[in-house]
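Report on the structure given below.
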Amino acid sequence: MQRKNLLIIGSLIIICVLGCTAGSGISDNTEPSKNEHSYSTADSGETKGEYTDVNADATVIDVINMPDFEGFGRFLFPTEHGMPESSMKLSDIDSLLPYHNHININTNTTVDVLNSMMDALDRGETIIYNIYTDKEKEADPTKENTGLFFPRGEPDAPFAVISEGGGSVMDCCKAISLAARYEGVVWTDFWARPGVVDFEPLPLGVIVTVAGTGSECNGGAVITNEKLKTKTGRDYPKCNPKFALLDPIYTYSVPKKQMVSGSFDILSHIMEIYFSAPDENNVSDDIAEALMRNVIRNLRVAIQNLEDYTARSNLMWDATMAEKRIIKLGKRTDFECHRNISWARTQTAIMAQAWQFCPRLLSPYLRSGKNEIYPLCNGSLGYPGGRKIPNSTGQSRCGSSC
């Protein structure tokens, strides 16, 4: 069956890349333990031969502390914001996901995954691999809580990296797909400076759960080097996903403020392309104007009803259209306000102030005589009207069509 032939690396691939709670590093399982599973409580599971299966009544802490998972048990759950209460059961782990309003995790799936990992360990298989050596972790503490959960598939079977999440997860998976088939250091050769990808990265598929970055439709990836405190974006067409699944229902659990931030991220992408040179009228700008209107209109609807399917699907498609490279054709794409800003809520303040006090950022737009879209005036972002856009002489200007 296809499920057996296609090895999917999902969210667990990078569950700990961004860091988890402090503690010991990931254990080196190059010599897998052949010990029997030693986790057992009176009501936690059913004994099956040499070990005890986990079930929904097992507590998260008990699973984390299982000897089989020694050294990496904390990576099995999202514990970077703190360890769960000792009484929390596997059936209650929904609350460990801080970036969602509501989400229903299938407890049976959680139990099945944990038991399958135990089965793999019982067969002597390695399920987690170190990315860095102990020496590298000692030299750079930010690498301490990293590792790669890697369930092996069948030899010579089709292989793909699957990204489930928003822009950061997609970008990270692009770097992983590149690094998997490159002998050098991808940061040095492809992000610290532009590189040439003259080989085929691992195939990548994405399942979008947050609309905003548009990373699902291009080879762009913004990667942060924590040690150097540097964030750099590059776009390599060979890193384009082979497929992208865009289902707005998967974005429903995202909190309202995250949805609004993602929508402004979409809008800011379009703005910074639209407001850049050249000055003359062009097709790219006309498409951008339609997209800006669509974002504003559907964001207002989505704020009133987070599960409005049409509004959320339109916002998701707006994000894709903004970064499909279409509206960038013939444009300089000055992303000055976007650089080194990690949160879209910050962009609202930065961009509004930059455009008021740095008129040169709007000069191509103003010189062209366009008066169809004025995103900062007369309440077009949902605020009370009255904000003016300065022109290149410092005087306020706002068209009647705002």
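The values are calculated or read from the model by the stated rules, or taken from the named source; none is laboratory data. Quick caveat, the model's predicted, so the values are computed rather than measured. Cβ atoms come from the backbone with ideal geometry, glycine included; neighbour counts cover every protein chain shown.
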Practice task
For residue 188, work out the one condition from (1) part of a helix (DSSP H, G or I); (2) farther than 26 Å from residue 146 by Cα it doesn't fulfil.
Solution key: (2)
Practice task
Quick one: in region 196-223, of everything that is of a type in the set (Gly, Ala, Ser) and touching a residue at least 60 places away in the same chain (Cβ under 8 Å), which residue is nearest to residue 309 (Cα to Cα)?
Solution key: 211
Practice task
Please state which of the following conditions residue 286 fails to meet, knowing it meets all the rest: (1) under 27 Å from residue 234 (Cα atoms); (2) among the charged types (D, E, K, R); (3) in contact with a helix residue (DSSP H, G or I) (Cβ under 8 Å, 6 or more places away or on another chain).
Solution key: (3)
Completion exercise
Counting only residues that are closer than 22 Å to residue 75 by Cα and over 17 Å from the mean Cα position of the chain (by Cα), region 149-174 contains a total of 5
Problem - Which numbered condition residue 152 fails, given (1) in contact with a helix residue (DSSP H, G or I) (Cβ under 8 Å, 6 or more places away or on another chain); (2) under 29 Å from residue 97 (Cβ atoms) - result: (1)
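Condition check ((1) in a loop (DSSP other than H, G, I, E, B); (2) at pLDDT below 85; (3) closer than 27 Å to residue 209 by Cβ) across all residues:
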residue	(1), (2), (3)
31	yes, yes, no
36	yes, yes, no
39	yes, yes, no
74	no, no, yes
81	yes, yes, yes
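Yes/no per residue for (1) over 20 Å from residue 227 (Cα atoms); (2) touching a residue at least 24 places away in the same chain (Cβ under 8 Å); (3) not assigned by TED's automatic domain parsing to the domain that holds residue 222:
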{"site": "154", "(1), (2), (3)": "yes, yes, yes"}
{"site": "170", "(1), (2), (3)": "yes, yes, no"}
{"site": "183", "(1), (2), (3)": "yes, no, no"}
{"site": "189", "(1), (2), (3)": "no, no, no"}
{"site": "194", "(1), (2), (3)": "no, yes, no"}
Problem - Unique match (being outside the structural domain of residue 210 (by TED's automatic domain parsing) and within 25 Å of residue 206 (Cα to Cα)) among 285, 308, 279 - result: 308
Exercise for the section: Please find, among 260, 222, 254, the residue that is outside the structural domain of residue 173 (by TED's automatic domain parsing), of a type in the set (A, V, I, L, M) and either under 22 Å from residue 328 (Cα atoms) or part of a loop (DSSP other than H, G, I, E, B) (or both). Expected result: 254
